[in-house]
Each structure stands twice: as C-alpha cells, then as structure tokens.
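These notes concern the structure reproduced below.
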Amino acid sequence: MSDWKEYTVKELIDLGMIDKPMDGNHGGIHPKTTDYVPVGVPFIMANNLIDGGVDFETCSFITEEQANTLKKGFAKPGDVLLTHKATMGRTAIVPDDYPIIILTPQVTYYRIRKGINRSYLKYYFDSSDFQNTLASWSNSGSTRAYLGITAQQKLPIILPPIELQNKIASILLSIDNKIKNNKAINRNLEDQANAIYKSWFVDFDNNNYKRPVSWIDGAIDDVASLVSRGITPKYVDDSDERVINQRCIRNHVIDLSIARTHNPKRINEKWLCYGDLLLNSTGTGTLGRAAQVWFEPKNLTVDSHVTIVRPKSSEWVFYVGLWGLNNEREIEALHTGSTGQTELPRARVKTMPIILPDRETLTRLNEIVLPITTKIMLNQKENTRLAQLRDSVLPKLMSGEIDVSDLDI
C-alpha cells in the first residue's frame, strides 16, 4: 500500500457539465421537452445511467443545432460520468460509438488528463468508500442532495500504480462483461419468443397469413383470473417480504435488487405467482412497461403503481405474457390523466382485445417457449451471483486488501 497515493480530482481530471441557466446571457440552455427529436445527439439524464452504463434506448435526443447552443456538457468517448444531484453516485463510461453526447446538469463528465485507467476510476466511484464520501460531502440538508463542480474538484482519489489499476480493472471488467454477455443472450432469446408470437398470432404465417377460423375475439378478462393494482406498502428494513415498484420493471426484466422490503398487513391474492404479467401503470414514459414473472416468487408483491394480470390457467401463461411484451404501446395508449399524471385504469386493461387461439396451438407455443424462458431465468440468476461477487470484491480490491501485484493478467 506504500505505493498507493491520494490525489484530488483537480490534480488529475477535467470536469464539465451544462451551465445552470441563470438568465438569457449566462451558461447553456437546458433543452425543453419540445426540443426533443427522434434522432439526433443523445441528451443524457441521471435516470439514463443504469447498471453502470448509459442506456441510449431510453434517452432523449436533440438536434446538432440545439446541442451547439450548450456551452458545456459535451461528453466524449472514454469520459467517466457521475451523477451529483438528487440521484447521487450513478456512474458510467461514454462508449466509443457515440462521438458526442450532451449531459443534463445532474451529470458531470470526468475527462482524465494523466495516470488513471478509466475503468478503474469508474469502479473507484462505485466503491462504498467513495459513495459514502459523496453522500457526506453533498448538501444533504437541502431538499435535494447536490455537490457542485468546485466541491467535486476536491474529492479524493486514491490510486495505486497504473499496472495495478489495470489489473484491478481487468478483474472487475471480466465479471461485468460476463453479465453483459448474459444480458445479450437473454435479449436474443426474448426476441426469438417475440418473433414466434408475431409470426403465429399477428402475421398468421402458419395459416397462409389468415387468422384460423377457430380462433375467436376476446378480451384480457377472458384469459385472466386477476387484473388488479398492487398494495400500498409500509416500508421497513427488517423483513423478508419485498415489494416491486415501477423502477424494478425495465426492458422486460424484473430487477429484484432494487425491490424494497415492507411489512405486509396480510397475505392476499396480490402476492405474486409464476406467470403473472406486470404492467407499469403510472406516469408518462413509464406507464405500459411490461415484464412477466418467469420464476417462482417468494414473499413478493407489487405496489399500487403496478398492475398484475394473472393468467387464468397454466396454458395461458406464455401467450398472455408475450401479448403484454408485444403490446406496450397499446397499453400505454389506454392511459387517463394529463401529462406526467397519467394512470392506467384497471377496467381498460380488462377490456383490451386479444385473440383466443385453440388449445392445441397454445400447447405448441408452450413447448417452444418454456425452454427459452428457463434459459433466461438461469442467466438472470447467474447475473445476480456475479453482481454479488463483484460488489463483494470491489472494496477489497480498491483498499488493497486483495493483493493483485503478483497476478498475471
């Protein structure tokens, strides 16, 4: 540890973000919702930093002309990103295939001048010691935590020699790359299942592109034994009962790592079952997102911002689930309320149209989709174990408790 040295951010790194708009002549211009375009320069907000990366699928875009009006906030490939306002401590590295992105004032880019492996710096920011420092230095007494550029420049960075940084980063990257690979496999498997659904039940490829005459028109209420919002939880720390919120449902995946524990009043039908389809039901941009429970849940429910659609029998599980994954836009269109205050009424979900195929077709579908969902769940379980491994070794690597100097990497 004698060759590990402490620096300040200011000694090693250039920082930047969009200037806060004070008046018409100061700083950059924060884009308005009306400025967003379908394709353009990515505009990255704090909630677009997910799982240690930048989620470009959910971000907004602005024109190059609008981007050029922003005097600061131009992040480049290789920059390490850190959220410093409200949602504190999220990190990512700008990938090489995005030559420029624009950052909201909630995100700072860290552009290294010398002596730091970028991946090491990102993992250093993820460490509990740094996260605790970030939280304690922030203006937590205000309504929203905040740590400005001046304060960020004073943040400590403890560095080993670059060869040790490279080894530490390599160990952690090998774990994260395996997690990313499993996620890519799962996306491919899900695409296969969705392609089957579309081919059979939308395009009718197996029947000369015509709907079989034996299939009839129905509604979700015909194939569901329960359509209901979740509970209003009482959150506690000392419980093995968990409640899923809307943040847990993203990209057709249920992320239990951010589910909160609560003290249930009683066990009821809203405790989740295998095959339940979950629909986010509140808020523009979130409402309509769907995921299905492809595992045996234990002590698990959802809060009142999520709708449960429970197939009425096992033969309908995969059909109902794939229907939900393929109809997110249609589900979103059922909302009521004004922008930002939208809600998904349970009654509208129950009356959504759905084709009712014959039992033989459902059996064939289930035989094909079951091994796909089984493999997806195995990969998700492995990713949970890998993430736990990464999180357990990260602080030991960053403190030097695990000596990597003799490892041949």
Inset, instruction - Being without any contact (Cβ under 8 Å) to a residue 40 or more places away in the chain, open to solvent by 40 Å² or more (accessible area, probe 1.4 Å) and part of a loop (DSSP other than H, G, I, E, B) is the filter; apply it to the range 223-257 and report the residue that is nearest to TRP323 (Cα to Cα). - result: ASP255
Legend entry - Residue check, ARG260 under 19 Å from the mean Cα position of the chain (by Cα) and touching a residue at least 40 places away in the same chain (Cβ under 8 Å): no
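Is the range 299-312 home to any residue that is without any contact (Cβ under 8 Å) to a residue 12 or more places away in the chain and in contact with a strand residue (DSSP E or B) (Cβ under 8 Å, 6 or more places away or on another chain)? Spell out the reasoning first.
Narrowing the range 299-312 to residues without any contact (Cβ under 8 Å) to a residue 12 or more places away in the chain: none.
No, the range 299-312 contains no residue that is without any contact (Cβ under 8 Å) to a residue 12 or more places away in the chain and in contact with a strand residue (DSSP E or B) (Cβ under 8 Å, 6 or more places away or on another chain).
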Inset, instruction - Give the residue that is nearest to PRO77 (Cα to Cα), with candidates limited to residues of the range 4-50 that are assigned to a loop (DSSP other than H, G, I, E, B), open to solvent by 70 Å² or more (accessible area, probe 1.4 Å) and at pLDDT 85 or above. - result: VAL39
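Enumerate the helices (runs of 4 or more DSSP H) found wholly within the range 92-180, keeping only those where 1 or more residues are over 22 Å from GLY16 (Cα atoms) and either open to solvent by 40 Å² or more (accessible area, probe 1.4 Å) or acidic (Asp, Glu) (or both). Before the answer, list the steps.
Details: elements: 118-126, 128-137, 149-153.
Answer list for the range 92-180: 128-137.
In this structure, does GLU343 turn out to be open to solvent by 10 Å² or more (accessible area, probe 1.4 Å), touching a His at 6+ places or on another chain (Cβ under 9 Å) and among the charged types (D, E, K, R)? Before the answer, list the steps.
Details: open to solvent by 10 Å² or more (accessible area, probe 1.4 Å): yes; touching a His at 6+ places or on another chain (Cβ under 9 Å): yes; among the charged types (D, E, K, R): yes.
So GLU343 passes the test.
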Legend entry - Within the range 160-214, considering residues that are touching a helix residue (DSSP H, G or I) at 6+ places or on another chain (Cβ under 9 Å) and among the acidic types (Asp, Glu), the one modelled with the lowest pLDDT: ASP205
Inset, instruction - Could you please find all residues in the range 265-292 being out of contact with any strand residue (DSSP E or B) (no Cβ under 7 Å at 6 or more places or on another chain) and either among the β-branched types (Val, Ile, Thr) or farther than 30 Å from SER60 by Cα (or both)? - result: LYS265, ARG266, ILE267, ASN268, TYR274, THR284
Inset, instruction - Six or more apart or on different chains, Cβ under 6 Å: which pairs go from a residue in the range 378-402 that's closer than 12 Å to ILE168 by Cβ to one that's part of a helix (DSSP H, G or I) and at pLDDT below 95? Could you list them? - result: PRO395/SER128; ILE402/LYS396
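The values are calculated or read from the model by the stated rules, or taken from the named source; none is laboratory data. Just so it is clear, the model here is predicted, and its values are computed rather than measured. Using ideal geometry, Cβ is built from the backbone for each residue, glycine included, and neighbour counts are taken over all protein chains shown. Just the protein is used for accessible areas: all its heavy atoms, side chains included, with ligands, DNA and RNA removed. Shrake-Rupley method; radii C 1.70, N 1.55, O 1.52, S 1.80 Å.
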